[in-house]
1. Which numbered condition in (1) closer than 30 Å to residue A:219 by Cβ; (2) touching a strand residue (DSSP E or B) at 6+ places or on another chain (Cβ under 6 Å) is the only one that residue B:103 fails?
2. Please count how many residues of the stretch B:266-311 are under 9 Å from the mean Cα position of the chain (by Cα), modelled with pLDDT of 90 or more and over 17 Å from residue B:322 (Cα atoms).
3. What tally of residues in the stretch A:126-135 results from selecting those that are in contact with a strand residue (DSSP E or B) (Cβ under 6 Å, 6 or more places away or on another chain) and more than 9 Å from chain B (Cβ to nearest Cβ)?
4. Yes or no: residue B:261 closer than 30 Å to residue B:177 by Cα, surrounded by fewer than 20 Cβ atoms within 10 Å (Cβ to Cβ) and either within 14 Å of another protein chain (Cβ to nearest Cβ) or without any contact (Cβ under 8 Å) to a residue 40 or more places away in the chain (or both)?
5. Go through the residues of the stretch B:279-289 one by one and say whether even a single one is crowded, with 17+ Cβ neighbours inside 10 Å and touching a strand residue (DSSP E or B) at 6+ places or on another chain (Cβ under 6 Å).
6. Can you tell me which residue within the stretch A:318-338, out of those that are more than 14 Å from every other protein chain (Cβ to nearest Cβ) and more than 16 Å from the chain's Cα centre (by Cα), is farthest from residue A:12 (Cα to Cα)?
7. So which helices (runs of 4 or more DSSP H) stay within the stretch B:1-118 end to end and still have 1 or more residues that are more than 16 Å from DNA strand D (Cβ to nearest atom), without any contact (Cβ under 8 Å) to a residue 12 or more places away in the chain and within 14 Å of chain A (Cβ to nearest Cβ)?
8. What about residue B:138, is it within 12 Å of chain A (Cβ to nearest Cβ) and either over 30 Å from residue B:209 (Cβ atoms) or surrounded by fewer than 22 Cβ atoms within 10 Å (Cβ to Cβ) (or both)?
DNA sequence: GCTGGCACTCGTATGCGCCGAGTGCCAGGA
DNA sequence: TCCTGGCACTCGGCGCATACGAGTGCCAGC
């Protein structure tokens, strides 16, 4: 096991490297931190840390930089979450309070997160399946054409157009609308399939086809893979590493445009608590030199989706985690209010 | 005025430069194009073109590159719009046909445009004010809380939550919903303000406050500046110029994140036809070395919004214009169908 | 008005040497 | 056993000088 001092050395290396973005040497370390030992001793510790794989040298005769394993230890054992200051918390609340609808909430959250962390922000829209049905609306667009509108308690709205197998009268439509809502309003979307299963049976034969069509579209809308959306912002922040990143920035942008990839990464863990995935811990190759800090958020106790940031492995983990956690908390509040 | 041959030389310079991304010299020009004259003659022409400001040398003893003015002339007089091939057109249609709702249409359009042009794509959501009301829905969330949902003929859905000054019964709500729809359904959003002006008067005194609150929220939603949204994609393509752009990429990303800036640029001209803004013609400083090709699209004859691409001034204008135009056309069709 | 020839410019690529930060190792001391 | 100062060594970065070559402008001749 690593001695207490060696852990301190590792912590110091991570902090300095994150601050300066340059490999840190033994002499600089002893000068900037009160380790109480000489550079030579620190060198020995560094050699040990390197042996264990926590740090590495970019090339001989350069300082050390933390490895993914080093960051992992730092995040798990050596650093806490830096809480937001009171003014910062107030600013977050003010900024989010002005939102007029869900799109606005998500858009503001993305901007806020990107600004606070100076990194790329990712916010997932509240999952349909984990939300509650507020209302289901059916509109007649044409004799044999119906629009289905789903509204969730989180303010999310989905709509689909359905071509009916047969003309569907206004009274039938009103009937279906009423029965549908009486069954599903206030219930979880996840339970909707069972709740509507036998609904077609109670309709006249000539209407059953249309009712089934409507229901199957409703169920399709709830299929886990399709129903998830997300918004991304703050990609400008990628250019802050332009000096060494002109080649690294590209795969990251590519990964970010592949929303499927991001959704998979975010969804990897069910745990609604804070998750930090460092460098190669991310399955996607393009994100091998980035870390993802994410956390679930939701209107009540349960998380309805995730949000987080993507940044270089060399990031300020305590600060980032603090910002992500604080934002998630306030977004949850906003959603609960609306 | 420039002689015919000099225009040919300019065209050749633009084409070569766009292809090779390197300053083009007189010798290379005569080799790659059948100008029928010697390099020396071309040199004279180039000197004249430079004199007139159509081309410039990055430094002495380098080839020439087109200036913004040169590209302008090229676009206006020397190049047409390159039509898409039949397979390309088919691919566009197939790709867009799979969309399930407006968000999906917009998302697919962005991806498509980015892929076709290999540039950054920007698609504006159909403007509310230029669309037609399909339906207005009112839902009671709590005794004194109402949700307003607007649905347009283009499939766009907006929703707002309204806190009512007084409890508002279900029957009053149904009444308002019915009257509202009978007045505005099928009408243009732009005309809605006049159409609902006197609506509160026809309600009982105790309900008037709520009716006014609903209407004023409705009108706020239609305010031009707030109601416009857009989606951006293909930012990866910016990295294709990474060699000379590590510093230019940043302001562009910044401008792209400022959606307001983009909306202003897109909205600058009312003309629904194709617009090309080259380099410094863009008011925004960060976009001084990019060109924007945009065009209006719409379900019927009238344009409901714009779409386009942002790329380096050194872009394939005929190809880009062709792709933008073709995509706009198909998006219009899709919207008309739904 | 076009062309070939020619001197000139200047940016880029290449090679070389210096500098200095940082290391590993070792012998001596607490 | 652990820490420390000293020392030789490594190696990337930087500055400088040189060579190269693409491309130009100009001019005399056709």
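1. (2)
2. Going through the stretch B:266-311 one residue at a time, the tally reaches 2.
3. The qualifying residues number 4.
4. So residue B:261 does not fit the description; no.
5. No, because not a single residue in the stretch B:279-289 is crowded, with 17+ Cβ neighbours inside 10 Å and touching a strand residue (DSSP E or B) at 6+ places or on another chain (Cβ under 6 Å).
6. Among those that are more than 14 Å from every other protein chain (Cβ to nearest Cβ) and more than 16 Å from the chain's Cα centre (by Cα), it is A:333.
7. B:102-117
8. Spelling it out, residue B:138 is indeed within 12 Å of chain A (Cβ to nearest Cβ) and either over 30 Å from residue B:209 (Cβ atoms) or surrounded by fewer than 22 Cβ atoms within 10 Å (Cβ to Cβ) (or both).
The values are calculated or read from the model by the stated rules, or taken from the named source; none is laboratory data. If you're wondering where the values come from, they're calculated on a predicted model, not measured in any experiment. Every residue, glycine among them, receives a Cβ derived from its backbone with ideal geometry; neighbour counts consider all protein chains shown.
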